[in-house]
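The values are calculated or read from the model by the stated rules, or taken from the named source; none is laboratory data. Quick caveat: nothing in here was measured; it's all calculated off a predicted structure. Here the Cβ positions follow ideal geometry from the backbone for every residue, glycine too, while neighbour counts run over all protein chains shown. Just so you know, the surface numbers come from the protein's heavy atoms only, side chains and all, with ligands and any DNA or RNA stripped out. Shrake-Rupley method; radii C 1.70, N 1.55, O 1.52, S 1.80 Å.
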Amino acid sequence: MELGRRAASAPDLPLILPAPVRQAGPMPHFTSYDDAELHYRVLGPNGPGVPPLVCLAGGPGRDAAYLGDLGGLSEQRHLVIPDSRGTGASPAAADPSRYAYPHLAEDLEALRTHLGLERFALLAHDAGAATAQAYAAAYPDRLTRLVLVCPGSRVQGELPDDAPEIFASRADEPWWPEASAALQRLAETSDLTEARSLLLSAAPLAYGRWEAPQRAHAAAEADQLNPVPRAGFWQGVDEPARQTLLAGLREVPCPVLVVTGDRDAVTGVRAGELVAESFPEGRTHHLHETGHYPWVDEPSLFSQVVEEFLRAA
């Protein structure tokens, strides 16, 4: 995500780290357009009648492990979760320009070819939604359904101000003073170690509430961040390229669901509405009392909303 966050400790709640979602055996890999070998993991059932759902992580540049099983979506779906360049098990890019999200969209096309899919459903979270939009614009007929979870609206060229308003509205919560002070200090520091500590203190703003599952999810983030892929993600996309991408979104024929959380103080709600408005068949679903990671705050509700959308005729 754009802010990046860490979990602040809470003395009244023990820190319980969940067991990571692991895949048996070595991670599979595919060869992309420039011969880079990139890795992905698979979760859930696989076989006839179980269509895959490709899932893109955000950050940008965050290891896809933070997606977990997306609130139990892997119980009914065959999830394919790639590690983008320089994250997780995938090697760093020899050319830093390959980290830009339009190039990551070409990696996604290489993954589709590797999987032998004519068309497929795609889910993307946070900054991964920019990669998904670049892919949809370039390959509009390859997608059956598109789910964008808590996206920003940088591709749309707008930065709504409702995220700070959401943050301010939660000022009566016990974690808020420390998180607020951390955000102010983040704007001033250039020390990476201090920044990581401050992000940890600011973490609660990303969640609908600050309980054991949220704290455990946030505590893992420090080891999942990759500064170089993050720095390269938005590079090399000038205004004409952005406008071309936006024009391509207006030609995407598949249904698009944008999921937002009404307590998301990272990207807010309005950004998701702007993204949905970019597609002919776009619509939004606002989840109550959820933040930037709705599958952590309300796993059953999140998976139900997504599954119903994917199954709709």
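Below are the figures for this structure:
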read-out: Conditions (1) more than 29 Å from residue 210 (Cα to Cα); (2) buried (at least 16 other Cβ atoms within 10 Å of the Cβ); (3) within 20 Å of the chain's Cα centre (by Cα); number of the one not met by residue 142; value: (3)
read-out: Qualifying residue in segment 233-249 (condition: open to solvent by 70 Å² or more (accessible area, probe 1.4 Å), within 16 Å of residue 133 (Cα to Cα), outside any strand (DSSP E or B) and in contact with a Lys or Arg (Cβ under 9 Å, 6 or more places away or on another chain)); value: no
read-out: Near pairs, Cβ below 7 angstrom, 6+ apart or cross-chain, from segment 152-170 (surrounded by fewer than 19 Cβ atoms within 10 Å (Cβ to Cβ)) to any residue that is in a helix (DSSP H, G or I) and among the charged types (D, E, K, R); value: 157/242; 160/270; 162/270
read-out: Those residues of segment 272-313 which are out of contact with any helix residue (DSSP H, G or I) (no Cβ under 8 Å at 6 or more places or on another chain), aliphatic (A, V, I, L, M) and under 19 Å from residue 130 (Cβ atoms), in sequence order; value: 274, 276
read-out: Search result, residues across segment 59-81 that are closer than 15 Å to residue 224 by Cβ and crowded, with 24+ Cβ neighbours inside 10 Å; value: 59, 60, 62, 64, 67, 81
read-out: Any hit, segment 204-211, residues being within 16 Å of the chain's Cα centre (by Cα), touching a residue at least 12 places away in the same chain (Cβ under 8 Å) and not in a helix (DSSP H, G or I); value: yes
read-out: Condition check for residue 257: aliphatic (A, V, I, L, M), free of Cβ contacts under 8 Å to residues at least 60 places away in the same chain and under 25 Å from residue 159 (Cβ atoms); value: no
read-out: Selection within segment 258-268 - over 14 Å from the mean Cα position of the chain (by Cα) and of a type in the set (A, V, I, L, M); value: 265
read-out: Answer from 157, 116, 128 - the residue that is closer than 21 Å to residue 50 by Cα and of a type in the set (Gly, Ala, Ser); value: 116
read-out: Candidates 207, 139 - the one that is touching a Phe, Trp or Tyr at 6+ places or on another chain (Cβ under 8 Å) and either farther than 26 Å from residue 285 by Cβ or of a type in the set (Phe, Trp, Tyr) (or both); value: 207
read-out: Residue match in segment 212-219 (condition: surrounded by fewer than 19 Cβ atoms within 10 Å (Cβ to Cβ), under 24 Å from residue 84 (Cα atoms) and without any contact (Cβ under 8 Å) to a residue 12 or more places away in the chain); value: no
read-out: Filter result for the condition that a residue is buried (at least 17 other Cβ atoms within 10 Å of the Cβ), in a helix (DSSP H, G or I), in contact (Cβ under 8 Å) with a residue 12 or more places away in the chain and in contact with a Pro (Cβ under 6 Å, 6 or more places away or on another chain), over 306, 275, 252; value: 275
read-out: Any hit, segment 288-304, residues being under 16 Å from the mean Cα position of the chain (by Cα) and under 20 Å from residue 142 (Cβ atoms); value: no
read-out: Top-ranked residue in segment 187-209 [being at pLDDT 85 or above and among the aliphatic types (A, V, I, L, M); ranked as surrounded by the most Cβ atoms within 10 Å (Cβ to Cβ)]; value: 206
read-out: Among (1) in contact (Cβ under 8 Å) with a residue 12 or more places away in the chain; (2) in a helix (DSSP H, G or I); (3) more than 23 Å from residue 141 (Cβ to Cβ); (4) out of contact with any Gly (no Cβ under 6 Å at 6 or more places or on another chain) - the single one residue 230 does not satisfy; value: (4)
read-out: Sole exception among (1) in a helix (DSSP H, G or I); (2) open to solvent by less than 20 Å² (accessible area, probe 1.4 Å); (3) over 28 Å from residue 200 (Cβ atoms) for residue 295, by number; value: (3)
read-out: Unmet requirement for residue 113, which otherwise passes all of (1) surrounded by fewer than 17 Cβ atoms within 10 Å (Cβ to Cβ); (2) in contact with a helix residue (DSSP H, G or I) (Cβ under 7 Å, 6 or more places away or on another chain); value: (2)
